[in-house]
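Taking it in order: structure first as structure tokens, then the write-up.
Derivation of every value follows stated rules applied to the coordinates shown; laboratory data play no part. Owing to the predicted nature of the structure, the values given are computational and were not obtained by experimental measurement. Note: ideal-geometry Cβ built from the backbone for every residue, glycine included; neighbour counts use all protein chains shown.
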Amino acid sequence: MDGIGDRFQKETKYRRDKLPGGRLDLSTRPKPYKEYEGAKKIVLDKPKPRLIAPLDLCIRTRRSVRRFSGKAVSFQDISYITWAAAGVQRIEENYPFRTAPSAGALYPIETYLVVHNVEDAPPGLYHYFPLDHSLELMEEGDFRPHATRAALDQKMCMSAAVTFLFTAVWERSKWKYKQRAYRYIYLDAGHMGQNLALSAAGLGLGTCAIGAIYDEEADALLQLDPEEEGIIMMVAAGHPVR
Ligand SMILES: Cc1cc2nc3c(=O)[nH]c(=O)nc-3n(C[C@H](O)[C@H](O)[C@H](O)COP(=O)(O)O)c2cc1C
């Protein structure tokens, strides 16, 4: 047991006699969201209850889909699944809580979309801004080849109507949890990915989680400073080939 992962697991354990202590400095708490100020915005539809299938059926029918048809994802559907993954669900004491649970409600995960075939959203690279449930256009164009290359050349990113990229802003979680934050960051992303997968299944859409990623290529696509923010997971989505 001496690989970096093994050491990480060992060194980030909580033990009764060795709990990290100290007060949190609220003045240095990072903001739980990122905004591309000045970007052109597409405000998404209000997420009304509209799943076509009950949760039980979503759980029973969800499976990884890697081949997508040329049918566009509707504006309502992209609005719903994006909200289900990353949206604001309620505000308590002026603080926005999201649809998926997050350790310490710190929300380290950011959501980006490579849009290819979505109604009323031109192809391009977008960032999701949860506070007003909008897509911020980072750059218009066909970014499927970039997404495909970043995903170890997996072709599903070429046929996907949209590929989601989930990143983490490390300091949002590390501010409180130090090195243990990485455990929670991966768990947070997993919860969001499953919200995405189940809500998509409920609308007859398919998804496939992607963990095989050339991290540096994905970070470069999103123009991230990897010291601050880095790719965690991608999810291809669209209408399945029947
Ligand atoms: C964290 C994670 C990473 C994954 N990465 C990939 C991937 O890179 N490529 C792929 O084709 N499938 C990927 N998958 C999908 C799994 O292969 C799939 O979930 C598994 O085979 C079970 O099949 P099912 O999802 O249809 O039930 C990933 C799934 C998870 C949860």
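Before moving on, here are some points about what is shown:
- Charge sum, other residues only, whose C-beta stays under 12 Å from Gln154's C-beta, Lys/Arg counted +1 and Asp/Glu -1: +4
- At least 24 Å along the helix axis (C-alpha) and Kyte average at least -0.5, DSSP helices within the chain: 181-202
- C-alpha center-to-center spacing [the range 2-38, the range 102-142] in angstrom: 26
- The distance separating the Cα centre of the range 65-91 from that of the range 158-208 comes to 13 Å.
- Among Ser199, Ser173, Ser27: highest mean-square fluctuation, GNM of the chain, C-alpha pairs under 10 Å: Ser27
- Proximal charge balance of Lys34 [Cβ under 9 Å; K/R count +1, D/E count -1]: -2
- DSSP assigns beta bridges within the range 66-238; of those with both partners inside it, close to 95 percent run antiparallel.
- Taking Cβ atoms as reference points and 13 Å as the exclusive limit, the residues near Thr82 contribute a net charge of -3, counting Lys and Arg as +1 and Asp and Glu as -1.
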